[in-house]
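The values are calculated or read from the model by the stated rules, or taken from the named source; none is laboratory data. Please read these numbers as outputs of a predicted model, since none were measured by experiment. Cβ placement follows ideal geometry from the backbone for every residue including glycine, while neighbour counts extend to all protein chains displayed. The area values use the complete protein model at the heavy-atom level, side chains included, leaving out ligands, DNA and RNA. Shrake-Rupley method; radii C 1.70, N 1.55, O 1.52, S 1.80 Å.
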Amino acid sequence: MAEQKRGKFPGGFRFNIEDRVLLLSVVLIILVIFFGAIEDRFLTGSSIRSMAFQCPEIGLMGLGMAIAMMIDGINLSINDTANLSALIAGLSIVKLAPFFAGHEFLSIVVVFLVAIATGAACGALNGLLAGYIGAPPILATLATLTLYRGISVVITGGKTLTGFPKELSIIGHQVVMGIPIPFVIFLIVGILMYFVLEYTTFGFKVRMSGTNPTAAKFSGIDNRSIAMKVYILSGILGAIAGIIVMSRTNSVAYEYGTRTYILLTLLISVLGGTSPGFGNVVGVILATFILQVLSTGFHMLLLGVRGSSFFKDFSWGVLFIAILIIDHFMRREKSI
């Protein structure tokens, strides 16, 4: 397994993924110390809980983007998969509300099942286009992005869907032993993803298919089947994120996150060290934490300042460039 954790670079140099995890850990610690030192509210319990409530949705979509990138693909439709999955689940629960009278908690189970089924269906279409038909993943998922968003607009008429059972808000607002439920879900999914990618045959095939699809094919790996399974898994991760957003906001709309989430999922995946055949769940999770710390930190520092959202986006871009530059020097030093 050690060899699978190293990225291949020109000149025979192999960059250890653990170096990326260490780098991200250091960046996270520095940012926490920085914002904690200049903003008294940053390290308070309420602030930490707020960040723990907010980061899971983008983190889950980041994991969905990362696994697609591991097979040299991409999933530009993951945000719209999340919105459509939550929308279908929300409509289902509203229509079936009379059947759940007195059994409202059962509605939460139904919401999850319907959303996951929708996410899996969306992922299957991506897998069909990119895996079996052979369409370039960026074009295939751009097409499905438009399709899923269009379906959502037609179903809702462009309006926000509300009126869900109050029990549904438990997912997005309650805590377990002081830890927000969305964060617990994110950690459980992250642990499962780590185990699947690092210690199962499927994870090995994903890495082989991404590293060298031709060699993988001649070794008996069905690249098309792997692509289908990866995109279905990516769709399911998006659906779980959609449920968390729906529960936290008690509403669903086709445009939730469409302006920034795709960029953030790509940023999280790249910062986490994901590339064809290589990826690290821990790196993706750390990248999620870093972006959330930046977002919360700048929001507190610039609260009330006109154009403050620009500084948040600016900080994400600066961090991205800084990580790439540091990567370059680390690779050059180790190749000497």
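Some observations on this one:
- Only DSSP H runs of four or more residues enter the estimate; each adds -39500 (n - 2.57), and after division by the residues of the chain the mean residue ellipticity at 222 nm equals -24000 deg cm²/dmol.
- Each residue, residue 301 and residue 33, gets one label point 7 Å from its Cα in the Cβ direction; the gap between the two is 1.6 nm.
- Computed magnitude of the charge dipole of the chain (debye, nearest 20; Cβ of K, R +1, Cβ of D, E -1): 380
- Think of a 1.4 Å ball rolled over the protein heavy atoms: the range 19-335 then has 45 Å² of accessible area per residue.
- Total lysine pairs under 23 Å (Cα atoms) in the chain, excluding pairs fewer than 8 apart on one chain: 12
- Stretching the chain fully between residue 192 and residue 251 yields a gain of 18.4 nm (0.36 nm per residue, less the alpha carbon separation).
- Each peptide in 139-150, 105-116, 283-294, 37-48 receives the mean, over its residues, of other Cβ atoms within 10 Å, and ordering these scores from highest gives 283-294, 139-150, 105-116, 37-48.
- Ligands, DNA and RNA left out, the accessible area of the range 19-335 computed with a 1.4 Å probe is 70% carbon and sulfur.
- Inter-label distance, nm, simple model (7 Å from Cα along the C-beta direction), residue 154/residue 329: 5.3
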